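Shown next, in structure tokens, is the structure this report addresses.
Read-outs: derived from the displayed coordinates by stated rules, not from any lab. Small disclaimer: the values here were computed from a predicted structure and weren't measured. Every residue, glycine among them, receives a Cβ derived from its backbone with ideal geometry; neighbour counts consider all protein chains shown.
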Amino acid sequence: MAGMGPPPKKNARRTNARPDWVKLPAAGRAGHPPAWPMTGKPGKAVADLWASLWASPQAVAWERLGWSRVVARYTRLLLEAEKADAPVTLLGEVRQLEDRLGLSPMAMRRLQWEIEAEAQEAEGSPAEVTSLDEYRDLYTA
């Protein structure tokens, strides 16, 4: 029978409700990258990629989450995967880490990360409007 069972709770919240989206600054993460977390000193290529990754908007979230070792692993794997003789399976590992780190639009959507500039555009920031009179003046002269 319909309507049987206990009445709904007055202030009940969904247990599967998703959290709000995390807004990341479009300018990226400010400051120096964290210290290299792995053993050994990184080479120039690793250090350059490490610094570049930590300047991205996603790096703000990585820092909050403490993912420096995962980013370090991604840095090493990416440079290995880009070599001419790299095994194809390594590309799959790199792609999976890219997804986990939010380095693609689909991954950012899954993680519910949004870059602030994109968020403002989506909210309907005012567009520049050309005056119709100015437009007419251009073509009637």
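In units of the rule-of-thumb radius 2.2 N^0.38 Å, the range 44-120 shows an alpha carbon radius of gyration of 1.14.
Test of understanding: what is the full-extension gain from residue 139 to residue 47, defined as 0.36 nm times their sequence separation minus their Cα-Cα distance?
Details: separation 92, 0.36 × 92 = 33.12 nm, distance 5.64 nm.
Once the chain is fully extended between residue 139 and residue 47, it gains 27.5 nm.
Under the criterion of Cα pairs below 8 Å and six or more residues apart, the relative contact order for the range 1-109 equals 21 percent.
Order of 131, 104 from fewest to most other C-beta atoms within 10 Å?
Arranged by neighbour count, lowest to highest, 131, 104 become 131, 104.
Summing charges over neighbours of residue 36, with a neighbour being any other residue whose Cβ is under 11 Å away from its Cβ, gives +3 when K and R count +1 and D and E count -1.
Listed from fewest to most Cβ neighbours within 10 Å, the set 85, 48 follows the order 85, 48. Could you work out the local net charge near residue 54, counting Lys and Arg as +1, Asp and Glu as -1, over the other residues with Cβ closer than 12 Å to its Cβ? After counting each charged neighbour, the total is -1. Using 0.36 nm per residue and subtracting the Cα-Cα separation, the extra length available between residue 30 and residue 55 on full extension is 8.3 nm. Among 4, 108, the ranking by other beta carbons within 10 Å of each residue's beta carbon, starting with the fewest, stands as 4, 108.
Charging the Cβ of each Asp and Glu at -1 and of each Lys and Arg at +1, and nothing else, the dipole of the range 44-120 about its Cα centre rounds to 260 debye.
Here the Karplus relation 6.51 cos²θ - 1.76 cosθ + 1.60, evaluated at θ = phi - 60°, turns the backbone of the range 97-106 into coupling constants of 5, 4, 5, 5, 8, x, 9, 9, x, 5 Hz, with x for every Gly and Pro.
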